[in-house]
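Enquirer: Dropping a structure here in structure tokens format, bear with me for questions.
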Amino acid sequence: MEDLFTEAEPQISGRASTVPLAARMRPRTLDEVVGQQHIVGEGKLLRRAIEADRVASILLFGPPGTGKTSLAQVIAASTRSRFERVNAVESSVADLRRIMGAAALRADQGGPSTLLFIDEIHRFNKAQQDVLLPDVESGRVRLIGATTHNPFFYVNSPLVSRSQVFQLEPLAEADLRKLMERALADDERGLGGRGIVLDEAAAAHLATISDGDARKCLSALELAALTTPADGDGAIHISLAVAEESIQRKAVVYDGDGDAHYDTISAFIKSMRGSDPDAAIYWLAKMIYAGEDPRFIARRVVICASEDVGLADSNALVVATAAAQAVELVGLPEAQLNLAHAVLYIATAPKSNRATMAIGAANKDVQEGRTLAVPEHLRDSHYSGAKKIGHGAGYKYSHDYDGGYVPQAYLPEGRRYYEPTEHGQEKRIKERLDYWRAQFEAEKTR
């Protein structure tokens, strides 16, 4: 357990501090908060609650480096409540019970309420989260939970229902540029007074590659400043080359079992379905770069080939299945070529979801309706005695007729599930099926 105020305001100057620049430059007031104007802008709910010291229990979720802990510190600095902080990685049920007991004692004695900040709250198990419920519900403790995972999936429903949920977005490049400028100008907490010259190209690179993560951006800036020797004039010149070395490989925000995983695969599938090859190939590249399992990607491509292309171009399934086999045979990085081949084929193919709709409608009838009996003329007649009970009687063998088709009922109630479109190859299927169905209807009227 630690008091957040200590971390918020280090008692050492920026120049001599061993505290990382990103921690030193955390905002101390709402006016210093950069980004997240959709929740802390003028007139917004969270800003009004903070200014009035009326913050109820809240859950802050968003990618790393977007300001969750910073907002908690701003609230801590403005509240008249007792502030307690725990990290879900390090804390136990006993720690929580100790805090709750002290909070209840203060409340009973007429003391201040308790504001409890839990970082990475999604790492608490159900039992740990349940410990919070009675005191959060009674109001003795106001909770601020921070998480990179969607709380609707990773936090107990009763706790979510008692909290206001705020989603933080990655910072815009302009916001990151503003943070770097502020750090370079701040003599007390930042890098001011060192004669640092940040090239425009270097600043643009850091803002872009940081992917909306303020911590990553400021850490890279600090590393560049501390490792670059001064020139003859005493200036520390941070060029594009220095910036590239300082931030190295871009770390894409992508949690293999959380929102980024599901949101990205959703965008990927919808881009293929929506016939946008450029978007589909981008989302594919992002997933591969972030380390997504290529088998998972291949499975989704195979599914999309039938779900969204279907009989409009049956070769889509052939190509997708071949790509999935290539993933197993070749492996990454080369298999990305096979995946790209299949993704672009599906994205640019004519689309039909009628196979999907057909099996869906048939499933619904099987599950909810009366089970249909197999017509007698379709029943198996190969075993001894089958013909004696009428099985197979009257069945017409299709290949004995012109065109390999003869009007004949294959469902006792004549239900229809498949209605082809006129897209791609399915147009020819529709023409053929319409002809057969017309023959069948004509035969019924005879």
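Enquirer: What's the number of the only condition in (1) charged (D, E, K, R); (2) in contact (Cβ under 8 Å) with a residue 40 or more places away in the chain; (3) within 18 Å of Asp276 (Cα to Cα) that Arg300 fails to meet?
Expert: (2)
Enquirer: For segment 55-95, give me the residue count where each residue is in contact with a strand residue (DSSP E or B) (Cβ under 7 Å, 6 or more places away or on another chain) and more than 26 Å from Leu176 (Cα to Cα). Before you say what the answer is, go through the steps one by one.
Expert: First, pick out the residues of segment 55-95 that are in contact with a strand residue (DSSP E or B) (Cβ under 7 Å, 6 or more places away or on another chain): 55-62, 68-69, 71-72, 75-76, 79, 81-88, 95.
Next, only the ones that are more than 26 Å from Leu176 (Cα to Cα) stay: 55-57, 79, 81-88, 95.
Residues that pass the stated criteria total 13.
Enquirer: If you check Phe152, Phe124, which single one turns out to be assigned by TED's automatic domain parsing to the domain that holds Arg48 and without any contact (Cβ under 8 Å) to a residue 24 or more places away in the chain?
Expert: Numbers: Phe124 fails: without any contact (Cβ under 8 Å) to a residue 24 or more places away in the chain.
It is Phe152.
Enquirer: Suppose the filter is touching a residue at least 40 places away in the same chain (Cβ under 8 Å), of a type outside the set (A, V, I, L, M) and more than 30 Å from Val406 (Cβ to Cβ); does Asp308 pass it? First the steps, then the outcome.
Expert: Numbers: touching a residue at least 40 places away in the same chain (Cβ under 8 Å): yes; of a type outside the set (A, V, I, L, M): yes; more than 30 Å from Val406 (Cβ to Cβ): yes.
Here the answer is yes, as Asp308 does meet what is asked.
Quick grid of which residues meet (1) buried (at least 18 other Cβ atoms within 10 Å of the Cβ); (2) touching an Asp or Glu at 6+ places or on another chain (Cβ under 6 Å); (3) among the small types (Gly, Ala, Ser):
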residue: Glu90; (1), (2), (3): no, no, no
residue: Ile99; (1), (2), (3): yes, yes, no
residue: Leu105; (1), (2), (3): no, no, no
residue: Arg123; (1), (2), (3): no, no, no
residue: Gln129; (1), (2), (3): yes, no, no
residue: Ala146; (1), (2), (3): yes, yes, yes
residue: His149; (1), (2), (3): yes, no, no
residue: Ser157; (1), (2), (3): no, no, yes
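Enquirer: Of all residues in segment 165-186, how many are in contact with a strand residue (DSSP E or B) (Cβ under 8 Å, 6 or more places away or on another chain) and under 12 Å from Ser210 (Cβ atoms)? So that I can check it myself, show each step before the final result.
Expert: Looking only at segment 165-186, we keep the residues that are in contact with a strand residue (DSSP E or B) (Cβ under 8 Å, 6 or more places away or on another chain), and these are 165-168, 180, 184.
Going one step further and asking which of them are under 12 Å from Ser210 (Cβ atoms), we end up with 180.
The total comes to 1.
Enquirer: Only residues that are of a type in the set (Asp, Glu) and surrounded by 14 or more Cβ atoms within 10 Å (Cβ to Cβ): list them for segment 359-386, please. Can you show your working first?
Expert: Here is the first cut: in segment 359-386, the residues of a type in the set (Asp, Glu) are 365, 368, 376, 380.
Asp365, Glu376 - these are the residues of segment 359-386 that are of a type in the set (Asp, Glu) and surrounded by 14 or more Cβ atoms within 10 Å (Cβ to Cβ).
Enquirer: Do we find that Pro10 is assigned to a loop (DSSP other than H, G, I, E, B) and either modelled with pLDDT of 90 or more or under 20 Å from Ala174 (Cβ atoms) (or both) in this structure? Steps first, answer last, please.
Expert: Working: assigned to a loop (DSSP other than H, G, I, E, B): yes; either modelled with pLDDT of 90 or more or under 20 Å from Ala174 (Cβ atoms) (or both): no.
Answer is no for this residue.
Enquirer: (1) in the same structural domain as Arg300 (by TED's automatic domain parsing); (2) exposed (fewer than 15 other Cβ atoms within 10 Å of the Cβ); (3) polar (S, T, N, Q): which one isn't true of Thr356, the others all being true?
Expert: Looking at each condition in turn, Thr356 falls short on (1).
Enquirer: Same structure again: Which of the residues that make up segment 294-320 are buried (at least 16 other Cβ atoms within 10 Å of the Cβ), β-branched (Val, Ile, Thr) and farther than 19 Å from Pro420 by Cα?
Expert: Matches in segment 294-320: Ile297, Val301, Val302, Val319.
Enquirer: Check segment 278-293 and report whether any residue there is in contact with a Phe, Trp or Tyr (Cβ under 6 Å, 6 or more places away or on another chain), surrounded by 14 or more Cβ atoms within 10 Å (Cβ to Cβ), assigned to a helix (DSSP H, G or I) and at pLDDT below 95. Steps first, please.
Expert: Keep residues of segment 278-293 that are in contact with a Phe, Trp or Tyr (Cβ under 6 Å, 6 or more places away or on another chain), which gives 283, 290.
Subset that is surrounded by 14 or more Cβ atoms within 10 Å (Cβ to Cβ): 283, 290.
The next check asks that each one be assigned to a helix (DSSP H, G or I); those that pass are 283, 290.
With at pLDDT below 95 added as a condition, the list becomes 283, 290.
Yes: one or more hits.
Enquirer: Okay, moving on. Collect the residues in segment 404-430 that are at pLDDT 85 or above and exposed (fewer than 12 other Cβ atoms within 10 Å of the Cβ), keeping them in residue-number order.
Expert: Scanning segment 404-430 gives Gly404, Arg416, Glu419.
The values are calculated or read from the model by the stated rules, or taken from the named source; none is laboratory data. Keep in mind the model is a prediction, meaning the values are calculated, not measured. A quick note on method: Cβ atoms are made from the backbone with ideal geometry, for glycine too, and the neighbour counts reach across all protein chains shown.
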